[in-house]
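Each remark here refers to the structure printed beneath this line.
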Amino acid sequence: HFHLLLATYHIHTNAKMVSFILGTTFLLLSSLLPHGSHGFAPSSSTRHVVGGHHSSIPTSSSQSKLTTHHMFTGIIEEMGEVISLETRDDMTLWDGSKGKGTEMVLKGDIVLDGAYLGCSISVNGVCLTATEIDEDAKTFKVGLAPETLRKTNLGTYVPESQQRVNMERASEIGGRNSGHFVQGHVDNVGTIMDQWIDENSLFFKIAFPYEFMRYVVPKGFIAIDGTSLTVCDVHSEGEDGENWFTFMLVEYTQKKIILPSKKVGDTVNVEVDVLGKYSEQAWEAFVPKMEALETKVKQLEARLQELEGGEST
């Protein structure tokens, strides 16, 4: 009986460990979420002209604040414009050699308030680094890595069509967050399957790859083109079936983001809630230990039955 009690104790102990792992993961990420006044990239800076482009170099008093800008909230600050999208073969790489790369120039206003070379700006939900800033023209340049072009819809933009993009500055940890924890790391693109009006709300139905559907849950968070939204319905039939989810836009949001201008067949950048990924990883690390413990308990139970059977005879 001692062995059985010991095994039972281990089960309860490991169950508590699961709760601790998942709880700690949630608390750790929650601690990164802003909780005070709304925080943006600080405007306190000195201005310099670098290579013909204006840039903002942070002063020593604001340097400590700048190091805390690592995330976005999914609350779009403005709709900007794509000025140019160019792939060149003569870009200077880190070692001085020449290589191929893609650059995009965008026009914005609010997102350039407090901007500096190297700062992060979310463009349609993609975290991008400002490499050049022209304050007079209200434009900034970013580089698009091959992975960015593979996973997002930014490479499909045609500057001549004056397509607009959602923009948001990186928020300061400690500031208010009216959205959710958005990294700016797009998981994949979704395709608009349908859209309809429900009184003053605008609904969208998005087809999405099956491999990511386990992170999409009803009433959970999701970022669409960088906008923090709430999932309504989820439908997943497996790898060979239909996989989609829906969300809706309230009247105010419809006027502040680019989504209402998109049509059926257009694509959107989708970032699932990162909390789901961390929880899944923590659970997967624990499951093998739990399964091994359950096997041991069954062995002990079988052995105990043998001993009890021997004693009765």
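Per-structure values
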quantity	calculated
Positive-end extreme of charge dipole, the range 177-254 - chosen from ILE206, PHE245, GLY184 (charges on Cβ)	GLY184
FRET efficiency, CYS232 to LYS263 (Cβ-Cβ, R0 30 Å, nearest 0.05)	0.90
Lys, Arg +1 and Asp, Glu -1 on Cβ, resulting dipole of the range 84-202 about Cα centre, debye, nearest 20	220
Cα-centre dipole for the range 153-250 with unit charges at Cβ (Lys and Arg positive, Asp and Glu negative), debye to 20	460
Most to least accessible of VAL270, VAL158 (protein chains only, probe 1.4 Å)	VAL158, VAL270
Cβ-derived FRET efficiency at R0 35 Å, GLU242 paired with GLN163, nearest 0.05	0.75
Label-to-label distance, nm, for residues given as VAL287 and GLN305 (7 Å Cα→Cβ offset)	2.7
Sequence of TYR210, TYR252 when ordered by accessible area, the most exposed leading, probe 1.4 angstrom	TYR252, TYR210
Percent accessible area from carbon and sulfur atoms, the range 201-264, protein chains only, probe 1.4 Å	50
Cα-projected label distance for GLU86 with GLN254, points at 7 Å along beta-carbon direction, nm	4.0
Heavy atoms of ASP194: accessible area, 1.4 Å probe, square angstrom to 10	70
Percent RCO, i.e. relative contact order, over the range 79-140, from Cα pairs under 8 Å lying at least 6 residues apart	28
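The values are calculated or read from the model by the stated rules, or taken from the named source; none is laboratory data. Since we're looking at a predicted model, the values are computed, not measured. All Cβ positions, even for glycine, are placed from backbone atoms using ideal geometry, and neighbour counts span all protein chains on display. Each accessible area value is taken on the protein alone, full model and side chains, heavy atoms only, with ligands, DNA and RNA left out. Shrake-Rupley method; radii C 1.70, N 1.55, O 1.52, S 1.80 Å.
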